[in-house]
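Student: Sharing a structure with you now.
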Amino acid sequence: MFLWPPLPVVLPLFTAAFVAAAGPYLPRKLVDAITLGTAAAVMAVCCLLTLQSSGSAIVYWFGAWVPYGHFPIGVAFVIDPMGAGMAAFVAFLVMAAFTFSWQYFDDVRTLYHSLMLIFLAAMCGMCLTGDIFNMFVWFELMSAAGVALCGYHADETGPLQGAINFSVMNTLGAFLSLSGVAMLYSRTGALNFAGIEVALQRQEHLGVFLPIVFIFVIAGFLVKSAAFPFHFWLDDAHAVAPTPVCILFSGVMVELGLFAAARVYYSVFAIALLPWLPALRTLFLAVGATSAIVGGLMAFGQRHLKRLLAFSTISHMGVMILGFALFTSTGLAGTALYVLGHGLVKGALFVGAGILLNRFQSVDEFALQNVGRQMPKTAIIFILGAVGLAGMPPFATYFGEAAIEHSGTQAGLPWISIVIMLSGFLTAGAVLRVAGRVFFGWGEKPTGESRAPRIDLKREMQGQKSKTPPTMWLPAAVMLIIAIALGWFTPLRQAILRDATWFRNTRGYVAAVLHGSAGGPGQYHVPVPHAMPGMHIGGVWMPDMWREVITLALAALLAAIALFPYAIGRRAGTALRHGAALAMRPLHAIHSGKIGDYVAWFTVGIAALAGYLALRR
Amino acid sequence: MKLRLTLFGLGICGLVALYGTVIAHMPGPGKMHSPYSRAINKLCVPQRHVTDAVTAVNFDYRGFDTLGEEFILFASVMGTLVLLREAAENKGPLSGDSASEPRNVRPTEAVRVTALALVGPTVVFGVYVVTHGQLTPGGGFQGGVVLATAPLLVYLADDFKTFKRITSHALIEISEAVGGGMYAVIGAIALVLSRPYMTNVLPLAQSGGIASGGIIPLISIATGLEVAAGFVLLLYAFLQKTLAERESS
C-alpha cells in the first residue's frame, strides 16, 4: 500500500535520470530493454492500482503529511479506477511507441528515451494527483518533455516551427491556469482539490468570481485538449513530431487535457458552479460540436498524412468533449470508452503512417500514390483504422459513441448523434481515400499545381529498409485487436460506467480525502446506473448500429467521389472540386500556421467562454 | 492581418475585464490570512526543526511538487539541447564540432582580474546557499544557479577553451542526471521502511543547526547539483552556438 502509488511517477523519472547518465555507455539494445521494461512495470502497477482502488479510493499523502485537523498541508494522490486506468492506458501506449521505435531511429540517442520516460511520468502524475498545484506541475512537465520530443528529429523543413507553436500556445494556457490556481488560493488558502472544495462552500459573495476562475484554471487544459478555437498548434506539432511521439500526442496527451478539466470540475467546482450548469452545458456542447466538425472538414482537406490524422484527432476530441458536456455518468463513461477506442485506433493509424514514412520517406498522399500495392499489412491497418474511426462495432469507439448518443437523446439533444456521425463520416472518408490512393493506386493523377513534390524527408529514418520489421507493424496489430476486444468485453464497459459515476461524486471524493473513506461516507456510496445503454442483445449487437453502418457507407462514398470526381461527369466533377475548394478556403485561411493568429484565437476564445459564464447567472 | 488584430483586440479587452473582475474579488493587499501559511508557520519548527518555512514547504510538505519541478528543469535543458542541435544540423556547417573551434577576442586586464577574483567567492557563496536552505532563505535552486555562474566568470576572464577545460562535458551531463535521480532515490528510502514516499527517515537534529531538517538538506544538495549542472550545460550549448555563428559571419 505504501509502495505502489508513487511508483508510476517515480520509477520512470528515476529511469530517465539513469538512462541520461549511463545511456551513452550502454549498448543501444539494453537501453531499449530498460525503457520498455520500465513502461511495462508502470503499466502493471497502474493495473494493480485500478483493481485496488475499485473498493474505495486510495488517498496517499506524500511525506506522510496527513491533513492537520481537516486541513491538508501536504500533497496527495487520490487514486480512483478512472485515474489509475487512464494511467495504465498511458503506459500501454508508451510501450507501443517504444516497441515501434525499437528499429525506427537509426542514430537515436538516449535523450529520446529519457524524454519519453519523463513524458510518461508526467502523464501518470496528471492521472493520479489530488492536488491542483501538483496537477499543474505535471502538466508543465508534460509540456516541457512534449515540446522537446516534438522537435526531436524533424520530418520537414522548418522543423522547429511546430515545436515552437506547441510551446507558445501551451505556455500561454499554462500561464492562465497558474493565475487561476493563485486566484483560487487567494480565496481558499488551499491547493488540495477537496480542501478547495470545502473552503469554497464556506465563502460568501463569490459572485462571478468562480465561473471566471474555472475557465482560467482549465485554460491550459483546453489548449492541451485541442478544443476549438485552441486547437491550432496541434496539427503543426503532429506534422513535425516523430511517429512514436505522435502516437502519444494523439492517443493520450490530448485526452489528458479533457481528463484534467473533468477532474478539476468534478472534484472542486461541481457543487459551487451548480447555478451555472445549464450555461456550462451549452458552452461545452458548442465547443465540442465545433471541434468535431471543423476537425473533420480539415482532416478531409489534408494530403499530409500526419496532419490528416492530427485533424481527425481534433474532430474525435470534439466527440469526447460532447460526452463530457452532457454532465451525465453515461456521457462521461462514453467519453472514457471512446478515449480507449480512439487512442488505440489512432495509434495504429500513426504506426501505419510511420511505416510509409520509413519505407518511402514521404507522408504526402499524392507522392505515395500506388506505392503500397505490395504492403497488405499496412493496407489492412489503414482500412481497419478507418472502420474504427467511423465507430463500427465491435470497435470500442462504437460503444463510446453509443453511450454518448444515448445520453444525448435522453437529454433531449438528438443532434449530438448527427455531429458524431459527421465526425466519423469525414475522418473515415479521409483515411479511406488515402488507403485507396496509396494501396490500390486509385484516383486521378494530380495535375498542374497540385502535383506532388517528392518531399525529401530524410531525417527521421536514414538507410532505407526494404522490409518493414515486425516491431513496426506488430504494435499496430496489437492495438487494433485490443480496440476490438475491448468492445466485446462487457464487464469492462460496466466497470467504466461505475467508475464514471464515482468520478462525478464530488461529496464522496471530498469525504474520502479529508475524513478517510473508512468511517465517513465512503466515496463510492452512490447509486450506479445498472447498465450501459443498449448492451442487452447478446451483450454486443445493438439495434441502432444502423447509424454507424450508414456513416461508414457514406464515408466510403465520399472517398470514392474524392478519388474519382469525374466519374459523375466531367463538368459535375470539376464543379464539385471547385465548390469544395471554395467552401474550404475560409477554414484553411484560419489555420494559417502563424503563431500570432493562434494567440488572437486563444484570447478571444477564453474571453468568450469566461465572459459568457460571467454574464449568465 | 486585420482580422487578427480585430480578434486580438476584442479578446484582450474581454480578458482584461475578466481578469480585473476576478482581482476585485480577491483579498486586498495585506488582507490575505491564508490558513495554509498559518499552519505551516506554526508547524515547521516543531515538526521539522527547520527555520525557513519556504524551504520546509518546497522540500518537504510539498516536496513532491519540487521533484516534478526539478524534472521540468531537467527536461527543459534536454529539450533545449535537442532543439539547438536540430537548428545547428539544419544549417549544416554550424554543427559546432571541434573543427570550427570558436575563437574570441581576449578580454581586457580589468575584466580578467575582476572576473577571476569573483570565481572563488561565487563558489563559496553558492555552496553556502545550497547547504543553508533549511536555516535561511535559499536552497538548491537558488544556490545551483549561483554555482553555475562560476564557469561563466571563467569564460569572461579567459575564453571558451578554458571554459571547456574546467567543465568536463561528460561529467556535467552525468552530474545533472545524478542530481535528478538522487532526489527520486532519497524520497524512495522511506518506501523501503514501509513509509509513504518522501517521509523523513533521518534524525531531525537541533533547529538552527546545519544538520537540521533530516532529509531536507540532502534533497537540497541533490537539487543544487542538478540545477548547477543543468545551467552549465545550457551555457555550454548556447556559447558554442553563438560563438560558432560569430565565427562564421
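Every read-out reported here was derived from the displayed coordinates using simple, explicitly stated rules and does not represent laboratory data. Every value quoted in this text rests on a predicted model; they were computed, and no experiment measured them. Here the Cβ positions follow ideal geometry from the backbone for every residue, glycine too, while neighbour counts run over all protein chains shown.
Student: Order of A:ILE118, A:ILE79, A:ILE568, A:ILE482 from fewest to most other C-beta atoms within 10 Å?
Tutor: Least crowded to most crowded, the residues run A:ILE568, A:ILE482, A:ILE79, A:ILE118.
Student: Which value in nm describes the separation of the simple spin-label points at B:GLU69 and A:ASN370, placed 7 Å from the Cα toward the beta carbon?
Tutor: 6.1
Student: Now for a different question. Just the Cα atoms of chain B, one point each, no solvent: what log10 I(q)/I(0) does Debye give at q = 0.07 Å⁻¹?
Tutor: Computed log10 I(q)/I(0) values: -0.37.
Student: Still on this structure: Residues of the range A:390-429 with amide nitrogen under 12 Å from the 7 Å Cα-to-Cβ point of A:TRP488?
Tutor: A:394-395
Student: Specify the angular offset, from 0 to 90 degrees and rounded to the nearest 10, of the alpha carbon long axis of helix A:7-22 from the longest principal axis of the alpha carbons in chain A.
Tutor: Rounded to the nearest ten degrees, it is 60.
Student: To two decimal places, what compactness ratio does the range A:330-426 give when its Cα radius of gyration is scaled by 2.2 N^0.38 Å?
Tutor: For the range A:330-426, the normalised Cα radius of gyration comes out at 1.29.
Student: On average, how much area does the Cα convex hull of chain A cover when viewed from any direction, in nm²?
Tutor: 26.3
Student: Please tell me which of these pairs span more than 21 angstrom C-alpha to C-alpha: A:LYS346/A:LYS594; A:LYS306/A:LYS346; A:LYS224/B:LYS2; A:LYS594/B:LYS241; A:LYS346/A:LYS467; A:LYS306/A:LYS594? All intermediate terms of the calculation are to be shown ahead of the outcome.
Tutor: On the way: A:LYS346/A:LYS594 27 Å; A:LYS306/A:LYS346 11 Å; A:LYS224/B:LYS2 27 Å; A:LYS594/B:LYS241 26 Å; A:LYS346/A:LYS467 23 Å; A:LYS306/A:LYS594 19 Å.
Among A:LYS346/A:LYS594; A:LYS306/A:LYS346; A:LYS224/B:LYS2; A:LYS594/B:LYS241; A:LYS346/A:LYS467; A:LYS306/A:LYS594, the Cα-Cα distance tops 21 Å for A:LYS346/A:LYS594; A:LYS224/B:LYS2; A:LYS594/B:LYS241; A:LYS346/A:LYS467.
Student: I need the phi-derived Karplus couplings for the range A:83-93: 6.51 cos²θ - 1.76 cosθ + 1.60, θ = phi - 60°, integer Hz, Gly and Pro marked x.
Tutor: Once θ is set to phi - 60°, the couplings for the range A:83-93 become x, 5, x, 4, 5, 4, 5, 4, 4, 4, 5 Hz.
Student: Continuing with the same structure: Taking 0.36 nm per intervening residue step and subtracting the Cα-Cα distance, what contour gain separates B:LEU116 from B:ILE210 on full extension? Can you show the working numbers first?
Tutor: Values: separation 94, 0.36 × 94 = 33.84 nm, distance 2.94 nm.
Once the chain is fully extended between B:LEU116 and B:ILE210, it gains 30.9 nm.
Student: Using helices alone, I'd like the mean residue ellipticity at 222 nm for chain B: each DSSP H run of four-plus residues gives -39500 (n - 2.57), total over residue count, nearest 500.
Tutor: -24000 deg cm²/dmol
Student: Work out from phi, with θ = phi - 60° and the Karplus expression 6.51 cos²θ - 1.76 cosθ + 1.60, the ³J(HN,Hα) of each residue of the range A:586-601, listed in order in whole Hz, and give x for Gly and Pro.
Tutor: x, 5, 4, 5, 6, 8, 7, x, 9, 5, x, 4, 4, 5, 4, 4
Student: Where does the charge balance sit around A:PRO5 when Lys and Arg score +1, Asp and Glu -1, over other residues with C-beta under 14 Å from its C-beta?
Tutor: -1
Student: From the C-alpha coordinates alone, can you work out the Kirkwood hydrodynamic radius of the range A:34-175, in Å?
Tutor: Every distinct Cα pair counted, the radius reaches 16.6 Å.
Student: With a cut-off of 20 Å, note down the residues of the range A:216-257 whose backbone N falls inside the zone around a label point 7 Å from the Cα of A:THR282 toward its beta carbon.
Tutor: It comes to A:216, A:228-229, nothing else.
Student: Before anything else, pin down the relative contact order of chain A: Cα pairs under 8 Å, at least 6 apart, normalised by residue count, whole percent.
Tutor: This gives 16 percent for chain A.
Student: Follow-up. Per the Kirkwood formula on distinct C-alpha pairs, the Rh of the range B:109-249 is how many angstrom?
Tutor: One over the average 1/r among Cα pairs gives 16.5 Å for the range B:109-249.
Student: Another question, if that's okay. Once the Cα atoms of helix A:28-52 and of chain A are each reduced to a long axis, what angle between those two axes, in degrees from 0 to 90 to the nearest 10, is obtained?
Tutor: Long axis of A:28-52 versus the principal axis of chain A: about 50 degrees.
Student: Expressed as a rounded percentage, what relative contact order does the range B:185-233 have, with Cα pairs under 8 Å and six or more residues apart?
Tutor: Values: 38 pairs, mean separation 11.3, N = 49.
Reported as a whole number, the value is 23 percent.
Student: Under a point spin-label approximation (7 Å from Cα along Cα-to-Cβ), what is the A:ALA581-B:VAL192 distance to one decimal in nm?
Tutor: Simple spin-label model gives 7.0 nm for this pair.
Student: Here is a further query. Counting helices only, and only those DSSP H runs with n ≥ 4, report the 222 nm mean residue ellipticity of chain A as the sum of -39,500 (n - 2.57) divided by its residues, in deg cm²/dmol to the nearest 500.
Tutor: -23000 deg cm²/dmol
Student: Right, something else. Based only on other Cβ atoms within 10 Å, what is the fewest-to-most ordering of A:LYS29, B:LYS2?
Tutor: Going from least to most buried by this count: B:LYS2, A:LYS29.
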